[in-house]
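Below is one structure, written out as structure tokens; the observations come after it.
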Protein chains: 2
Amino acid sequence: MNSIRTVGVVGLGLIGGSIAKGLKARLPGIRIIAYDNARESLEVGLASELIDEAADSLDVLTDGCDLICVCVPVQQIEKCMPALEGFKGWVTDVGSVKAPIVKTAERLWGELPANWVPGHPIAGSEQHSVHAADADLFVNHKVILTPLEITAPTAVKMVREFWNLLEAEVIVMGVAHHDDILAQTSHLPHLLAYTLVDVLAGFGDEREVFDYAAGGFRDFSRIAASDPQMWHDIFITNRGALLKLLQTFMGALQETADLIEEGDSEALLSRLERAKQARDYFSELQSKL
Amino acid sequence: MNSIRTVGVVGLGLIGGSIAKGLKARLPGIRIIAYDNARESLEVGLASELIDEAADSLDVLTDGCDLICVCVPVQQIEKCMPALEGFKGWVTDVGSVKAPIVKTAERLWGELPANWVPGHPIAGSEQHSVHAADADLFVNHKVILTPLEITAPTAVKMVREFWNLLEAEVIVMGVAHHDDILAQTSHLPHLLAYTLVDVLAGFGDEREVFDYAAGGFRDFSRIAASDPQMWHDIFITNRGALLKLLQTFMGALQETADLIEEGDSEALLSRLERAKQARDYFSELQSKL
């Protein structure tokens, strides 16, 4: 990170704000320029000294930054890519789905530029504004980088150092594998949670449903408090992996429903025990860390 | 509770153990007799002074207790009901589904005895053994009682006092309404969580799925750590309400999948926003409490 003096942050929400705050807390001399459609977020960033400069356009960032981190939802990343054309520094992004970024680059420029390292920090919260910025949001959290063959090794090295500085653990994997694993661990659970809350709220006895929401529904409804625009983008841009997985899931759900309907206790119990064993195996792994 | 000197606990797990511990902490003179198929649980109860006596059969409880609380999974409640025939004290249970208990009573005796107040504390944890017994497990938690018309008002009064002593908030509603609301807030979410964990674990890259389980899946997998036998009983005994709800849910899930597949951004976003609004409305209610 010695060669990086000015970092550009596109989108000053929870992630962008936490990157800015985390860098400021760890690199006293760092200069941060942010761009955001919402002028109010930039004002908050300036007032709380998360950023040094509020840019009026992305040109200010491409002109003055050594590294740019794009921290907006996936479909907005695609929209701001043309403005980053020709930028000579390092670029990374935090999009929850990686294939669309590569595809957009191919459409725009034939291929992803060698200085762009697609990334995805596995961190977040229900809060999604700059007000919730947290200098330690990424500490001990995983950040997945999905460089292509064409990506410059020095770019990967630099972006890895960037995240290491924020005390995150960097992991490298392929674009398709990332999108598939995230569909499993994050996108499908969110789709289920949003749908459940919507269905139950639609029954009209909403207040009562929430009143008795011990365990179970409480966790689901917390998940459904996430930013709708971000999840819209994720569901749409990762629809290939997500819908395939959803069909598998709905098949399994119907099978379980059939076991319940038929009163097949043995098969039902063995399914529930299998799930519990998987979960227990995981808990054991965690306790060894 | 002045007239109650000896309480019988059937099933010394998390709930039974917590009731015993909670009573001991609040009523110094109380005597507690427990019965459990697992002798080991009773030994733990004796050694940690949660109970005064480990019974060899339910007869010991019906002979010597003023109030019996049945703290086993729903299908086991049904199995031990014959042994409680003729008991003259107060009876309550903690079954997660209420209709089967009423139905079993009708089959056995023509109707639920007037001294039996069906109940359900909305409390629990992933832990489900007596080792996790907590004297304050029910403090500020809701307990739903579902007395019938035939239930003696003095029985309701006594069971209400029993739970109030443990500092729970008692609510009264009908049997069918209870089973329907719980299908929504608890049974369906658990069914989804168990199925998701089972599907993902079945893909073979289990370790990796858990590795990246920030948000979303982590909450789901925690839910799936609950006791399989207990959830088997709940799913089977509440299948009417549960499967009806599941069909509605799967319909909504398919609709959302269609919106994603068609790329209908406007309709998808409005669905996600509707769910978030329901959740935000709930958070606001909670913050006012």
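Observations on the structure shown:
Yes/no per residue for (1) at pLDDT below 75; (2) crowded, with 21+ Cβ neighbours inside 10 Å; (3) not aromatic (Phe, Trp, Tyr):
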site	(1), (2), (3)
B:Ala214	yes, no, yes
B:Phe217	yes, yes, no
B:Ala224	no, yes, yes
B:Arg239	no, no, yes
B:Tyr281	no, no, no
B:Leu285	yes, no, yes
B:Lys288	yes, no, yes
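- Restricting the range B:243-268 to residues that are at the interface with chain A (Cβ under 7 Å from one of its Cβ atoms) and over 25 Å from A:Asp233 (Cα atoms), the residue that is surrounded by the most Cβ atoms within 10 Å (Cβ to Cβ): B:Leu246
- Selection of first residues in the range A:151-162 that are under 13 Å from A:Pro118 (Cα atoms) and of second residues that are among the charged types (D, E, K, R), restricted to Cβ pairs under 6 Å at least 6 apart or on distinct chains, gives an empty result.
- Verdict on B:Ile223 being within 21 Å of A:Leu182 (Cβ to Cβ) and either among the hydrophobic types (A, V, I, L, M, F, W, C) or in contact with a helix residue (DSSP H, G or I) (Cβ under 7 Å, 6 or more places away or on another chain) (or both): yes
- Scanning the range A:47-67 for residues that are at negative phi, in a loop (DSSP other than H, G, I, E, B) and surrounded by fewer than 20 Cβ atoms within 10 Å (Cβ to Cβ) yields A:Ser48, A:Asp52, A:Asp56, A:Ser57, A:Asp66.
- Of the residues A:Lys103, A:Lys98, the single one that is in the same structural domain as A:Ile32 (by TED's automatic domain parsing), under 15 Å from the mean Cα position of the chain (by Cα), within 19 Å of A:Ala241 (Cβ to Cβ) and basic (Lys, Arg) is A:Lys98.
- Residue check for A:Arg271: facing chain B (nearest Cβ under 8 Å), farther than 28 Å from A:Ile15 by Cα and in contact (Cβ under 8 Å) with a residue 12 or more places away in the chain: yes
- Residue that is nearest to the other protein chains (Cβ to nearest Cβ), among those in the range B:169-202 that are crowded, with 17+ Cβ neighbours inside 10 Å and charged (D, E, K, R): B:Asp198
Residue-by-condition table, conditions (1) under 22 Å from B:Asp264 (Cα atoms); (2) within 16 Å of the chain's Cα centre (by Cα):
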residue	(1), (2)
A:Ala176	no, yes
A:Thr195	yes, no
A:Gly202	yes, no
A:Gln229	yes, yes
A:Met250	yes, no
A:Thr256	no, no
A:Glu261	no, no
A:Ser270	no, no
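- Selected residue (only one of B:Leu112, B:Leu166 is more than 11 Å from every other protein chain (Cβ to nearest Cβ), modelled with pLDDT of 95 or more and in contact with a Gly (Cβ under 7 Å, 6 or more places away or on another chain)): B:Leu166
- Any hit, the range A:68-75, residues being part of a helix (DSSP H, G or I), crowded, with 23+ Cβ neighbours inside 10 Å and out of contact with any Leu (no Cβ under 7 Å at 6 or more places or on another chain): yes
- Complete set of residues in the range B:166-212 that are at positive phi and touching a residue at least 12 places away in the same chain (Cβ under 8 Å): B:Glu167
- Consider the range B:135-163 and keep the residues that are at pLDDT 95 or above, of a type outside the set (A, V, I, L, M, F, W, C) and not in a helix (DSSP H, G or I). The one that is nearest to the chain's Cα centre (by Cα) is B:Thr146.
- Boolean, B:Val159 is farther than 25 Å from A:Phe210 by Cβ and in contact with a Ser or Thr (Cβ under 7 Å, 6 or more places away or on another chain): yes
- The set of residues in the range B:25-46 that are within 9 Å of B:Gly8 (Cα to Cα) and buried (at least 21 other Cβ atoms within 10 Å of the Cβ) comprises B:Ile32, B:Ile33, B:Ala34, B:Tyr35.
The values are calculated or read from the model by the stated rules, or taken from the named source; none is laboratory data. As the structure is a prediction and not an experimental result, all values here were calculated from the model. Cβ coordinates were reconstructed from backbone atoms using ideal geometry, including for glycine residues, and neighbour counts include every protein chain displayed.
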